[in-house]
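Before any comments, here is the structure.
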Amino acid sequence: MLTQLDGPFAVCHDTLDPRPFLEQCVYDLCVVGGERLSLCRGLSAYAQACLELGISVGNWRPPANCPLSCPANSSYELCGPACPASCNEAAAPSNCSGRPCVEGCVCLPGFVASGGACVPTSSCGCTFQGLQLAPGQEVWADESCQRRCTCNGATHQVTCRDTQGCPAGEICSDQNGLLGCYPNRFGTCQGSGDPHYVSFDGRRFDFMGTCTYLLVGSCGQNAALPAFRVLVQNEHRGSQTVSYTRAVLVEARGVKVAVHREYPGQVLVDDVLQYLPFQAADGQVQVFRQGRDAVVRTDFGLTVTYNWDAQVTAKVPSSYAEALCGLCGNFNGDPADDLALRGGGQAADALAFGNSWQEETRSGCGATEPGDCPKLDSLVAQQLQSKNECGILADPNGPFRECHSKLDPQGAVRDCVYDRCLLPGQSGPLCDALATYAAACQAAGATVHPWRSENLCREYRKWQLGDSALYI
Ligand SMILES: [Ca+2]
(Lines give C-alpha, C1' and ligand atoms only; values in the text may rest on other atoms or scores of the structure.)
Protein backbone atom coordinates (compact mmCIF):
# COMPACT_ATOMS: atom_id res chain seq x y z
CA MET A 1 0.00 0.00 0.00
CA LEU A 2 2.94 2.36 0.69
CA THR A 3 4.11 2.31 -2.94
CA GLN A 4 0.76 1.84 -4.73
CA LEU A 5 0.50 4.59 -7.36
CA ASP A 6 -3.24 4.91 -6.82
CA GLY A 7 -3.11 4.27 -3.04
CA PRO A 8 -3.68 6.67 -0.12
CA PHE A 9 0.07 7.42 0.14
CA ALA A 10 0.66 8.28 -3.54
CA VAL A 11 0.25 12.03 -2.95
CA CYS A 12 3.48 11.96 -0.88
CA HIS A 13 5.66 9.87 -3.21
CA ASP A 14 7.22 12.80 -5.09
CA THR A 15 8.35 14.42 -1.83
CA LEU A 16 9.35 11.36 0.21
CA ASP A 17 10.56 8.09 -1.24
CA PRO A 18 8.34 5.35 0.25
CA ARG A 19 10.76 2.46 -0.54
CA PRO A 20 12.90 2.68 2.67
CA PHE A 21 9.64 2.72 4.67
CA LEU A 22 8.41 -0.30 2.71
CA GLU A 23 11.62 -2.21 3.46
CA GLN A 24 11.52 -1.31 7.15
CA CYS A 25 7.85 -2.29 7.38
CA VAL A 26 8.42 -5.66 5.68
CA TYR A 27 11.45 -6.34 7.87
CA ASP A 28 9.52 -5.54 11.08
CA LEU A 29 6.59 -7.69 9.95
CA CYS A 30 8.99 -10.56 9.24
CA VAL A 31 10.60 -10.26 12.69
CA VAL A 32 7.30 -10.28 14.58
CA GLY A 33 5.77 -13.04 12.45
CA GLY A 34 3.20 -10.93 10.61
CA GLU A 35 1.55 -9.24 13.59
CA ARG A 36 -0.92 -6.60 12.35
CA LEU A 37 0.11 -3.99 14.89
CA SER A 38 3.55 -3.92 13.29
CA LEU A 39 2.01 -3.30 9.84
CA CYS A 40 -0.04 -0.42 11.26
CA ARG A 41 3.05 1.09 12.91
CA GLY A 42 4.97 0.85 9.62
CA LEU A 43 2.25 2.61 7.61
CA SER A 44 1.75 5.21 10.34
CA ALA A 45 5.49 6.04 10.29
CA TYR A 46 5.31 7.03 6.61
CA ALA A 47 2.02 8.93 7.12
CA GLN A 48 3.52 10.93 10.00
CA ALA A 49 6.75 11.62 8.07
CA CYS A 50 4.64 13.01 5.20
CA LEU A 51 2.58 15.14 7.62
CA GLU A 52 5.78 16.68 8.95
CA LEU A 53 6.67 17.66 5.39
CA GLY A 54 3.28 19.35 5.10
CA ILE A 55 1.57 16.63 3.08
CA SER A 56 -1.62 15.06 4.33
CA VAL A 57 -1.96 11.50 2.96
CA GLY A 58 -5.30 9.84 2.20
CA ASN A 59 -7.31 7.92 4.77
CA TRP A 60 -5.28 4.69 4.83
CA ARG A 61 -6.53 3.18 8.10
CA PRO A 62 -9.83 1.57 6.93
CA PRO A 63 -8.33 -0.19 3.86
CA ALA A 64 -5.30 -1.37 5.91
CA ASN A 65 -7.62 -2.51 8.74
CA CYS A 66 -5.69 -0.38 11.23
CA PRO A 67 -8.49 1.37 13.16
CA LEU A 68 -7.42 3.80 15.86
CA SER A 69 -9.74 3.53 18.84
CA CYS A 70 -10.04 6.82 20.65
CA PRO A 71 -10.92 7.37 24.31
CA ALA A 72 -14.24 8.84 25.44
CA ASN A 73 -15.20 12.29 24.11
CA SER A 74 -12.64 12.18 21.30
CA SER A 75 -12.50 11.06 17.68
CA TYR A 76 -9.85 10.02 15.18
CA GLU A 77 -8.54 12.67 12.81
CA LEU A 78 -6.09 12.13 10.00
CA CYS A 79 -4.78 15.68 10.31
CA GLY A 80 -5.49 17.13 13.73
CA PRO A 81 -4.09 20.27 15.39
CA ALA A 82 -0.49 20.03 16.67
CA CYS A 83 -1.43 21.92 19.83
CA PRO A 84 -4.99 20.88 20.75
CA ALA A 85 -7.04 22.92 23.19
CA SER A 86 -6.31 22.00 26.77
CA CYS A 87 -7.27 23.14 30.26
CA ASN A 88 -3.81 24.58 30.65
CA GLU A 89 -3.53 26.99 27.68
CA ALA A 90 -0.48 28.65 29.21
CA ALA A 91 1.50 25.42 28.77
CA ALA A 92 1.04 25.30 24.97
CA PRO A 93 4.13 25.95 22.80
CA SER A 94 4.34 29.44 21.31
CA ASN A 95 4.58 28.55 17.61
CA CYS A 96 1.58 26.24 17.29
CA SER A 97 0.24 27.75 14.08
CA GLY A 98 3.50 27.01 12.25
CA ARG A 99 3.53 23.30 13.12
CA PRO A 100 2.33 20.51 10.80
CA CYS A 101 -0.82 18.68 11.76
CA VAL A 102 -0.67 15.32 13.52
CA GLU A 103 -2.67 12.14 13.15
CA GLY A 104 -4.48 11.00 16.27
CA CYS A 105 -7.37 11.42 18.67
CA VAL A 106 -8.86 14.90 18.96
CA CYS A 107 -11.29 16.04 21.62
CA LEU A 108 -14.89 16.55 20.44
CA PRO A 109 -16.30 20.12 20.34
CA GLY A 110 -16.95 21.36 23.88
CA PHE A 111 -14.20 19.15 25.29
CA VAL A 112 -10.55 19.90 25.97
CA ALA A 113 -7.52 17.79 26.82
CA SER A 114 -6.70 17.39 30.50
CA GLY A 115 -4.23 14.84 31.83
CA GLY A 116 -4.56 12.44 28.88
CA ALA A 117 -8.39 12.54 28.79
CA CYS A 118 -10.96 14.81 27.15
CA VAL A 119 -13.06 16.67 29.72
CA PRO A 120 -15.87 19.22 29.28
CA THR A 121 -14.47 22.74 29.05
CA SER A 122 -16.56 23.64 32.10
CA SER A 123 -14.76 21.06 34.27
CA CYS A 124 -11.35 22.57 33.68
CA GLY A 125 -9.71 23.46 36.96
CA CYS A 126 -7.30 26.24 37.79
CA THR A 127 -3.68 26.98 37.06
CA PHE A 128 -1.90 27.82 40.30
CA GLN A 129 1.85 28.32 40.83
CA GLY A 130 2.42 26.35 37.62
CA LEU A 131 0.25 23.44 38.80
CA GLN A 132 -2.92 22.25 37.13
CA LEU A 133 -5.61 21.79 39.79
CA ALA A 134 -8.89 19.94 39.35
CA PRO A 135 -12.09 21.73 40.43
CA GLY A 136 -12.38 21.42 44.19
CA GLN A 137 -8.76 20.34 44.60
CA GLU A 138 -6.94 21.82 47.58
CA VAL A 139 -3.24 22.63 47.93
CA TRP A 140 -1.00 24.38 50.38
CA ALA A 141 0.27 27.76 49.20
CA ASP A 142 3.14 28.08 51.67
CA GLU A 143 5.97 25.96 53.05
CA SER A 144 4.52 25.72 56.56
CA CYS A 145 0.99 24.42 55.70
CA GLN A 146 -0.68 27.56 57.07
CA ARG A 147 -2.41 28.76 53.90
CA ARG A 148 -4.87 26.44 52.12
CA CYS A 149 -6.05 27.19 48.58
CA THR A 150 -9.03 25.68 46.77
CA CYS A 151 -9.71 25.65 43.02
CA ASN A 152 -13.14 27.02 42.12
CA GLY A 153 -14.37 25.06 39.09
CA ALA A 154 -16.86 27.74 38.02
CA THR A 155 -14.46 30.69 37.96
CA HIS A 156 -11.20 28.73 37.33
CA GLN A 157 -9.71 30.84 40.14
CA VAL A 158 -8.22 29.69 43.44
CA THR A 159 -9.39 31.06 46.76
CA CYS A 160 -7.09 30.87 49.77
CA ARG A 161 -7.65 30.92 53.51
CA ASP A 162 -5.40 30.87 56.57
CA THR A 163 -5.43 27.74 58.77
CA GLN A 164 -4.05 26.64 62.12
CA GLY A 165 -1.39 24.55 60.39
CA CYS A 166 -1.09 20.77 60.69
CA PRO A 167 -3.07 18.93 63.40
CA ALA A 168 -1.33 17.39 66.40
CA GLY A 169 0.87 14.42 65.53
CA GLU A 170 1.49 15.63 61.98
CA ILE A 171 4.19 17.83 60.46
CA CYS A 172 4.26 19.91 57.28
CA SER A 173 6.61 18.25 54.80
CA ASP A 174 7.13 17.36 51.16
CA GLN A 175 6.47 13.71 50.29
CA ASN A 176 6.71 12.50 46.69
CA GLY A 177 6.62 16.11 45.54
CA LEU A 178 3.37 16.82 47.37
CA LEU A 179 3.48 19.29 50.26
CA GLY A 180 1.10 18.35 53.03
CA CYS A 181 0.51 17.37 56.63
CA TYR A 182 2.05 13.96 57.28
CA PRO A 183 2.33 11.92 60.48
CA ASN A 184 5.72 12.38 62.13
CA ARG A 185 5.85 8.76 63.33
CA PHE A 186 3.94 5.48 63.32
CA GLY A 187 2.96 3.07 66.07
CA THR A 188 2.96 -0.71 65.65
CA CYS A 189 0.96 -3.24 67.62
CA GLN A 190 1.45 -6.97 67.31
CA GLY A 191 -0.30 -10.20 68.15
CA SER A 192 1.58 -13.46 67.73
CA GLY A 193 1.80 -17.05 68.88
CA ASP A 194 -0.92 -18.11 71.24
CA PRO A 195 -1.41 -14.97 71.20
CA HIS A 196 1.02 -12.65 72.90
CA TYR A 197 0.22 -9.01 72.36
CA VAL A 198 2.47 -5.95 72.33
CA SER A 199 0.49 -2.69 72.41
CA PHE A 200 1.33 0.52 70.53
CA ASP A 201 2.90 1.80 73.76
CA GLY A 202 4.96 -1.38 74.20
CA ARG A 203 2.87 -3.16 76.86
CA ARG A 204 3.18 -6.96 76.68
CA PHE A 205 0.32 -9.22 77.77
CA ASP A 206 -1.12 -12.66 77.01
CA PHE A 207 -4.81 -13.17 76.34
CA MET A 208 -6.23 -16.56 75.39
CA GLY A 209 -9.65 -15.90 73.92
CA THR A 210 -11.30 -17.78 71.07
CA CYS A 211 -14.02 -15.25 70.17
CA THR A 212 -13.71 -12.16 67.96
CA TYR A 213 -12.04 -9.12 69.53
CA LEU A 214 -11.34 -5.51 68.62
CA LEU A 215 -7.58 -5.39 68.03
CA VAL A 216 -7.63 -1.66 67.31
CA GLY A 217 -10.20 0.86 66.14
CA SER A 218 -10.81 4.58 66.03
CA CYS A 219 -13.11 5.18 68.96
CA GLY A 220 -14.70 8.51 68.16
CA GLN A 221 -12.29 10.77 70.07
CA ASN A 222 -11.36 12.59 66.87
CA ALA A 223 -14.18 12.92 64.32
CA ALA A 224 -11.81 14.43 61.72
CA LEU A 225 -9.94 11.11 61.31
CA PRO A 226 -11.35 8.38 59.04
CA ALA A 227 -13.01 5.64 61.13
CA PHE A 228 -11.73 2.07 61.01
CA ARG A 229 -11.80 -1.22 62.93
CA VAL A 230 -9.43 -4.18 62.97
CA LEU A 231 -10.87 -7.36 64.46
CA VAL A 232 -9.10 -10.62 65.26
CA GLN A 233 -10.77 -14.00 65.52
CA ASN A 234 -8.92 -16.67 67.47
CA GLU A 235 -9.18 -20.45 67.72
CA HIS A 236 -7.78 -23.33 69.72
CA ARG A 237 -5.07 -25.32 67.99
CA GLY A 238 -3.99 -28.61 69.45
CA SER A 239 -4.38 -27.53 73.04
CA GLN A 240 -7.36 -26.19 74.97
CA THR A 241 -5.14 -23.86 76.96
CA VAL A 242 -3.92 -21.70 74.09
CA SER A 243 -5.49 -19.88 71.17
CA TYR A 244 -4.15 -18.63 67.85
CA THR A 245 -5.33 -15.93 65.48
CA ARG A 246 -7.30 -17.55 62.66
CA ALA A 247 -8.72 -14.50 60.87
CA VAL A 248 -8.20 -10.76 60.71
CA LEU A 249 -10.94 -8.38 59.59
CA VAL A 250 -10.23 -4.80 58.50
CA GLU A 251 -13.14 -2.36 58.09
CA ALA A 252 -12.27 0.98 56.49
CA ARG A 253 -13.68 3.31 53.83
CA GLY A 254 -16.89 1.27 53.76
CA VAL A 255 -15.07 -1.93 52.77
CA LYS A 256 -14.60 -5.15 54.77
CA VAL A 257 -11.41 -7.09 54.06
CA ALA A 258 -11.08 -10.45 55.79
CA VAL A 259 -7.88 -12.52 55.78
CA HIS A 260 -8.59 -16.11 56.84
CA ARG A 261 -6.17 -18.84 57.75
CA GLU A 262 -8.11 -21.31 55.59
CA TYR A 263 -7.63 -19.20 52.42
CA PRO A 264 -3.84 -18.78 52.16
CA GLY A 265 -2.89 -16.36 49.38
CA GLN A 266 -6.42 -14.96 49.10
CA VAL A 267 -8.68 -12.52 50.93
CA LEU A 268 -12.42 -11.97 51.30
CA VAL A 269 -13.50 -8.49 50.21
CA ASP A 270 -17.10 -7.83 51.28
CA ASP A 271 -17.51 -11.62 51.58
CA VAL A 272 -16.24 -12.36 48.05
CA LEU A 273 -13.02 -14.36 47.74
CA GLN A 274 -10.38 -12.43 45.75
CA TYR A 275 -6.85 -13.06 44.51
CA LEU A 276 -4.13 -10.53 45.29
CA PRO A 277 -3.32 -7.79 44.64
CA PHE A 278 -6.74 -6.19 45.01
CA GLN A 279 -7.99 -2.61 45.28
CA ALA A 280 -11.25 -1.47 46.82
CA ALA A 281 -13.04 1.85 47.48
CA ASP A 282 -11.48 3.51 44.41
CA GLY A 283 -7.98 2.51 45.49
CA GLN A 284 -8.35 3.88 49.02
CA VAL A 285 -7.96 0.35 50.34
CA GLN A 286 -5.17 -1.77 48.85
CA VAL A 287 -4.59 -5.43 49.59
CA PHE A 288 -1.40 -7.09 48.44
CA ARG A 289 1.08 -9.73 49.38
CA GLN A 290 4.51 -9.04 50.86
CA GLY A 291 6.64 -12.07 51.67
CA ARG A 292 4.52 -14.32 53.89
CA ASP A 293 2.03 -11.59 54.76
CA ALA A 294 -1.24 -10.31 53.43
CA VAL A 295 -1.00 -6.52 53.69
CA VAL A 296 -4.07 -4.27 53.91
CA ARG A 297 -3.17 -0.62 53.48
CA THR A 298 -5.49 2.38 53.51
CA ASP A 299 -5.02 5.88 52.10
CA PHE A 300 -5.05 7.33 55.64
CA GLY A 301 -1.96 5.42 56.75
CA LEU A 302 -3.34 2.29 58.44
CA THR A 303 -1.38 -0.87 57.56
CA VAL A 304 -2.49 -4.30 58.80
CA THR A 305 -0.56 -7.49 58.09
CA TYR A 306 -1.49 -11.12 58.77
CA ASN A 307 0.61 -14.10 57.71
CA TRP A 308 -2.41 -16.40 57.22
CA ASP A 309 -1.30 -18.25 60.32
CA ALA A 310 -0.59 -16.76 63.72
CA GLN A 311 0.96 -13.34 63.39
CA VAL A 312 -0.87 -10.02 63.00
CA THR A 313 0.41 -6.44 63.10
CA ALA A 314 -1.38 -3.10 62.93
CA LYS A 315 0.50 0.09 62.13
CA VAL A 316 -1.11 3.52 62.51
CA PRO A 317 0.15 7.08 61.93
CA SER A 318 0.70 9.32 64.94
CA SER A 319 -2.34 11.41 63.99
CA TYR A 320 -4.33 8.60 65.68
CA ALA A 321 -2.45 8.94 68.97
CA GLU A 322 -4.96 8.99 71.88
CA ALA A 323 -7.81 8.40 69.40
CA LEU A 324 -7.72 4.58 69.51
CA CYS A 325 -9.06 1.76 71.63
CA GLY A 326 -9.00 -2.04 71.69
CA LEU A 327 -6.42 -4.64 72.65
CA CYS A 328 -3.63 -2.51 71.15
CA GLY A 329 -4.25 0.31 73.62
CA ASN A 330 -4.69 4.05 73.23
CA PHE A 331 -1.29 4.99 71.71
CA ASN A 332 -0.63 7.86 74.14
CA GLY A 333 2.99 6.90 74.86
CA ASP A 334 2.20 5.44 78.29
CA PRO A 335 2.17 1.62 78.61
CA ALA A 336 0.75 1.82 82.17
CA ASP A 337 -2.81 2.67 81.08
CA ASP A 338 -3.07 0.12 78.24
CA LEU A 339 -5.41 -2.35 79.97
CA ALA A 340 -8.34 0.05 79.58
CA LEU A 341 -11.81 -1.49 79.74
CA ARG A 342 -14.37 -0.70 77.06
CA GLY A 343 -16.63 1.04 79.57
CA GLY A 344 -13.75 3.02 81.15
CA GLY A 345 -11.35 2.32 83.98
CA GLN A 346 -8.43 -0.11 84.09
CA ALA A 347 -8.84 -3.89 84.08
CA ALA A 348 -7.50 -5.96 86.96
CA ASP A 349 -5.89 -8.47 84.61
CA ALA A 350 -5.44 -9.35 80.93
CA LEU A 351 -8.42 -11.75 81.00
CA ALA A 352 -10.93 -9.07 82.05
CA PHE A 353 -9.29 -6.60 79.67
CA GLY A 354 -9.50 -8.95 76.65
CA ASN A 355 -13.09 -9.97 77.40
CA SER A 356 -14.22 -6.35 77.47
CA TRP A 357 -13.09 -5.95 73.83
CA GLN A 358 -15.05 -8.98 72.58
CA GLU A 359 -17.06 -8.02 69.48
CA GLU A 360 -19.03 -11.08 68.41
CA THR A 361 -19.89 -14.36 70.03
CA ARG A 362 -19.64 -17.68 68.26
CA SER A 363 -21.16 -20.61 70.10
CA GLY A 364 -18.57 -22.22 72.32
CA CYS A 365 -16.07 -19.38 72.15
CA GLY A 366 -14.62 -17.93 75.31
CA ALA A 367 -11.49 -16.97 77.15
CA THR A 368 -9.47 -18.77 79.77
CA GLU A 369 -6.72 -17.88 82.18
CA PRO A 370 -3.38 -18.35 80.44
CA GLY A 371 -2.09 -21.87 80.95
CA ASP A 372 0.34 -22.35 83.79
CA CYS A 373 4.03 -23.00 83.24
CA PRO A 374 5.44 -23.27 86.77
CA LYS A 375 9.05 -23.71 85.68
CA LEU A 376 9.01 -20.81 83.21
CA ASP A 377 11.84 -18.82 84.80
CA SER A 378 14.21 -21.77 85.04
CA LEU A 379 13.33 -22.92 81.50
CA VAL A 380 14.06 -19.42 80.17
CA ALA A 381 17.41 -19.39 81.99
CA GLN A 382 18.27 -22.82 80.64
CA GLN A 383 17.44 -21.88 77.03
CA LEU A 384 19.41 -18.64 77.26
CA GLN A 385 22.36 -20.64 78.56
CA SER A 386 22.21 -23.34 75.86
CA LYS A 387 21.64 -20.84 73.00
CA ASN A 388 19.46 -23.52 71.42
CA GLU A 389 15.80 -23.44 70.43
CA CYS A 390 14.29 -20.25 71.96
CA GLY A 391 17.78 -19.30 73.13
CA ILE A 392 18.76 -18.72 69.47
CA LEU A 393 16.83 -15.43 69.72
CA ALA A 394 19.24 -13.96 72.26
CA ASP A 395 22.48 -15.66 71.11
CA PRO A 396 25.00 -12.80 70.70
CA ASN A 397 26.62 -14.75 67.83
CA GLY A 398 23.38 -16.10 66.38
CA PRO A 399 21.35 -15.15 63.30
CA PHE A 400 19.46 -12.42 65.23
CA ARG A 401 22.61 -10.74 66.63
CA GLU A 402 22.10 -7.53 64.66
CA CYS A 403 18.56 -7.13 66.02
CA HIS A 404 19.44 -7.01 69.70
CA SER A 405 20.34 -3.32 69.77
CA LYS A 406 17.04 -2.41 68.08
CA LEU A 407 14.68 -4.89 69.74
CA ASP A 408 15.36 -6.49 73.15
CA PRO A 409 14.97 -10.26 72.62
CA GLN A 410 14.14 -11.07 76.28
CA GLY A 411 10.36 -10.73 75.86
CA ALA A 412 10.43 -12.82 72.67
CA VAL A 413 12.47 -15.56 74.42
CA ARG A 414 10.00 -15.66 77.30
CA ASP A 415 6.99 -15.89 74.90
CA CYS A 416 8.77 -18.62 72.95
CA VAL A 417 9.59 -20.72 76.03
CA TYR A 418 6.07 -20.23 77.36
CA ASP A 419 4.45 -21.48 74.12
CA ARG A 420 6.75 -24.53 74.05
CA CYS A 421 5.94 -25.21 77.68
CA LEU A 422 2.19 -25.27 76.94
CA LEU A 423 2.56 -27.26 73.71
CA PRO A 424 5.39 -29.68 74.51
CA GLY A 425 6.92 -31.68 71.68
CA GLN A 426 5.54 -29.49 68.89
CA SER A 427 7.89 -27.61 66.56
CA GLY A 428 5.26 -25.04 65.44
CA PRO A 429 5.47 -22.72 68.45
CA LEU A 430 9.28 -22.49 68.24
CA CYS A 431 9.23 -21.72 64.51
CA ASP A 432 6.39 -19.20 64.93
CA ALA A 433 8.30 -17.46 67.72
CA LEU A 434 11.49 -17.24 65.63
CA ALA A 435 9.55 -16.01 62.58
CA THR A 436 7.72 -13.39 64.66
CA TYR A 437 10.97 -11.99 66.07
CA ALA A 438 12.58 -12.10 62.60
CA ALA A 439 9.68 -10.07 61.14
CA ALA A 440 9.75 -7.56 64.02
CA CYS A 441 13.53 -7.15 63.54
CA GLN A 442 13.14 -6.49 59.86
CA ALA A 443 10.36 -4.00 60.57
CA ALA A 444 12.77 -2.26 62.95
CA GLY A 445 15.34 -2.04 60.14
CA ALA A 446 17.77 -4.70 61.37
CA THR A 447 19.41 -7.41 59.27
CA VAL A 448 18.32 -10.97 60.04
CA HIS A 449 20.80 -13.66 59.01
CA PRO A 450 19.47 -16.99 57.66
CA TRP A 451 18.05 -19.00 60.55
CA ARG A 452 16.02 -21.76 58.91
CA SER A 453 17.84 -25.00 58.10
CA GLU A 454 17.13 -28.65 57.27
CA ASN A 455 16.87 -29.38 60.99
CA LEU A 456 15.24 -26.19 62.19
CA CYS A 457 11.89 -24.89 60.93
CA ARG A 458 12.33 -26.12 57.37
CA GLU A 459 9.99 -24.40 54.92
CA TYR A 460 6.85 -26.42 54.58
CA ARG A 461 3.78 -24.52 53.57
CA LYS A 462 0.71 -25.41 51.63
CA TRP A 463 -0.68 -22.95 49.12
CA GLN A 464 -4.03 -23.54 47.51
CA LEU A 465 -3.84 -23.00 43.74
CA GLY A 466 -7.25 -23.38 42.21
CA ASP A 467 -8.23 -27.00 42.83
CA SER A 468 -4.73 -28.21 43.58
CA ALA A 469 -2.32 -27.60 46.41
CA LEU A 470 1.36 -26.69 46.24
CA TYR A 471 3.80 -27.54 49.00
CA ILE A 472 6.87 -25.35 49.31
CA1 LIG B 1 -1.21 3.92 76.64
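Phe207 falls short on exactly one of the conditions (1) closer than 16 Å to Leu351 by Cβ; (2) touching an Asp or Glu at 6+ places or on another chain (Cβ under 8 Å); (3) of a type in the set (Phe, Trp, Tyr), and that condition is (2). In region 206-221, of all residues being surrounded by fewer than 23 Cβ atoms within 10 Å (Cβ to Cβ) and away from the ligand (no atom under 16 Å from the Cβ), the one that is farthest from Leu341 (Cα to Cα) corresponds to Thr210. Of all residues assigned to region 37-45, at least one qualifies as being over 42 Å from the mean Cα position of the chain (by Cα) and modelled with pLDDT of 90 or more.
Close contacts from region 71-82, counting a first residue that is of a type in the set (A, V, I, L, M) and a second that is open to solvent by 40 Å² or more (accessible area, probe 1.4 Å) and at pLDDT 80 or above, with Cβ to Cβ under 8 Å and a gap of 6+ residues or different chains, come to Leu78/Ser56; Leu78/Asn59.
Residue count for region 331-363, restricted to those that are open to solvent by 40 Å² or more (accessible area, probe 1.4 Å) and within 30 Å of Arg292 (Cβ to Cβ): 5.
Number of residues in region 380-404 that are in contact (Cβ under 8 Å) with a residue 24 or more places away in the chain and open to solvent by 40 Å² or more (accessible area, probe 1.4 Å): the value is 4. The lone criterion from (1) at positive phi; (2) open to solvent by 70 Å² or more (accessible area, probe 1.4 Å); (3) out of contact with any Ser or Thr (no Cβ under 9 Å at 6 or more places or on another chain) left unmet by Glu262 is number (1).
What about Ala340, is it of a type outside the set (S, T, N, Q), free of Cβ contacts under 8 Å to residues at least 40 places away in the same chain and within 12 Å of the ligand (Cβ to nearest atom)? Walk me through it before giving the result.
Working: of a type outside the set (S, T, N, Q): yes; free of Cβ contacts under 8 Å to residues at least 40 places away in the same chain: yes; within 12 Å of the ligand (Cβ to nearest atom): yes.
Judged against the criteria, Ala340 is a match.
Scan the strands (runs of 3 or more DSSP E) fully inside region 98-174 and keep the ones with 1 or more residues being more than 30 Å from Pro71 (Cα to Cα) and open to solvent by 70 Å² or more (accessible area, probe 1.4 Å).
Filter on region 98-174 gives 147-152, 157-162.
Could you tell me which of the residues Gly130, Gly110, Gly125 is closer than 30 Å to Pro84 by Cα, touching a Leu at 6+ places or on another chain (Cβ under 7 Å) and without any contact (Cβ under 8 Å) to a residue 60 or more places away in the chain?
Working: Gly130 fails: touching a Leu at 6+ places or on another chain (Cβ under 7 Å); Gly110 fails: touching a Leu at 6+ places or on another chain (Cβ under 7 Å).
Testing whether each residue is closer than 30 Å to Pro84 by Cα, touching a Leu at 6+ places or on another chain (Cβ under 7 Å) and without any contact (Cβ under 8 Å) to a residue 60 or more places away in the chain leaves just Gly125.
Output the residue which, of all residues in region 170-205 that are farther than 15 Å from Ser144 by Cα and charged (D, E, K, R), is farthest from the ligand (Cβ to nearest atom). The residue in question is Asp194. Please verify whether region 352-372 includes one or more residues that are polar (S, T, N, Q), within 16 Å of the ligand (Cβ to nearest atom), over 25 Å from Tyr437 (Cα atoms) and under 34 Å from the mean Cα position of the chain (by Cα). Yes: one or more hits.
Considering only residues that are among the polar types (S, T, N, Q), part of a loop (DSSP other than H, G, I, E, B) and more than 26 Å from Ala438 (Cβ to Cβ), which ones fall in region 303-339?
As a first pass, look at region 303-339 and keep what is among the polar types (S, T, N, Q): 303, 305, 307, 311, 313, 318-319, 330, 332.
Okay, now just the ones that are also part of a loop (DSSP other than H, G, I, E, B), so 307, 311, 330, 332.
Those that are among the polar types (S, T, N, Q), part of a loop (DSSP other than H, G, I, E, B) and more than 26 Å from Ala438 (Cβ to Cβ): Asn330, Asn332.
Across region 312-322, the number of residues qualifying as open to solvent by 10 Å² or more (accessible area, probe 1.4 Å), more than 10 Å from the ligand (Cβ to nearest atom) and within 13 Å of Gln221 (Cα to Cα) comes to 1.
The values are calculated or read from the model by the stated rules, or taken from the named source; none is laboratory data. Keep in mind it's a predicted model, so treat the numbers as computed, not measured. All Cβ positions, glycine included, derive from the backbone under ideal geometry; neighbour counts span all protein chains shown. Only protein heavy atoms, including side chains, enter the accessible area calculation; ligands, DNA and RNA are left aside. Shrake-Rupley method; radii C 1.70, N 1.55, O 1.52, S 1.80 Å.
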